[in-house]
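Please read the structure below before turning to the comments.
The values are calculated or read from the model by the stated rules, or taken from the named source; none is laboratory data. The model shown is predicted, which means the values in this text are computed figures rather than measured ones. We place every Cβ from the backbone using ideal geometry, glycine too, and count neighbours over all the protein chains shown.
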Amino acid sequence: MLPDLVARESEQVEFHCFLVRTDALIELGGFDENMMSVHEHLDFSMRLREQGGAIWLEPSVFVTYVVDAPAWSERSYQLLRWSHGWAEASLRRFAVAWDLEPEAFGADGLLRFTAANRARAYRPYRSVMGRWSATRQRLSRSIPDRTVGTIVYRREERRRAFGAPARVAHRATWDR
């Protein structure tokens, strides 16, 4: 345990490592399904606190979150999760839900963040020069964004329009 940290109330959760009581989640109405890409954690935290709930930091719990290039089986989900369409829709939903202007919470920076996350999933589709330029922090995303990313995004939008059931990418072991 880090010596200076003590259990205390916090303002927001981190989605990669939080536990929530089922009754609190049900009372809250679950997560907003229209926030598919960014600010889900902020929306959840703000709604929970608005209803009188509390969020706590527990320093005795350690979580390791490894960020790496997605496995081949996860690439299409990563392209969809961080797609420009989902990012923009999520930011619009957050702005409407909390009556904010997009500039008030750095929407442009978040779009750059989602583009950088997409870039990791594009690696197999990029040219040798594109990969080399990425090592120099000059990401060339335009071709993958216009081709592969667009195909994945349109496929999901079609699936939603025709009402096909969602595929579960990951399911908890206790839910199998």
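Filtering region 51-85 down to residues that are modelled with pLDDT of 90 or more and of a type outside the set (A, V, I, L, M), which residue is surrounded by the most Cβ atoms within 10 Å (Cβ to Cβ)?
Gly53
So which of Asp43, Asp23 is surrounded by fewer than 15 Cβ atoms within 10 Å (Cβ to Cβ) and in a helix (DSSP H, G or I)?
After applying the criteria, what remains is Asp23.
Residue pairs, Cβ under 8 Å, 6 or more apart or interchain, first in region 52-75 and free of Cβ contacts under 8 Å to residues at least 60 places away in the same chain, second small (Gly, Ala, Ser) and assigned to a loop (DSSP other than H, G, I, E, B). List them. Sorted first by the residue in region 52-75, then by its partner, the pairs are Trp56/Ala7; Leu57/Ala7; Glu58/Ala7; Pro59/Ala7; Ser60/Ala7. Candidates Arg167, Arg123, Arg171, Arg92: the one that is under 22 Å from Met35 (Cα atoms), part of a helix (DSSP H, G or I) and either of a type outside the set (S, T, N, Q) or at pLDDT 80 or above (or both) is Arg92.
For region 48-84, a residue qualifies if it is closer than 26 Å to Gly109 by Cα and in a helix (DSSP H, G or I), and the qualifying residues are Leu48, Arg49, Glu74, Arg75, Ser76, Tyr77, Gln78, Leu79, Leu80, Arg81, His84. Does any residue of region 27-48 turn out to be closer than 23 Å to Thr150 by Cβ, assigned by TED's automatic domain parsing to the domain that holds Val148 and under 13 Å from the mean Cα position of the chain (by Cα)? Looking through region 27-48, none of the residues is closer than 23 Å to Thr150 by Cβ, assigned by TED's automatic domain parsing to the domain that holds Val148 and under 13 Å from the mean Cα position of the chain (by Cα). Of all residue pairs spaced 6 or more apart or on separate chains, those with beta-carbon atoms under 8 Å, a first member in region 32-48 that is at pLDDT 90 or above and a second member that is of a type in the set (Val, Ile, Thr) are His41/Val13; Phe44/Val13; Ser45/Val13; Ser45/Ile55; Leu48/Ile55.
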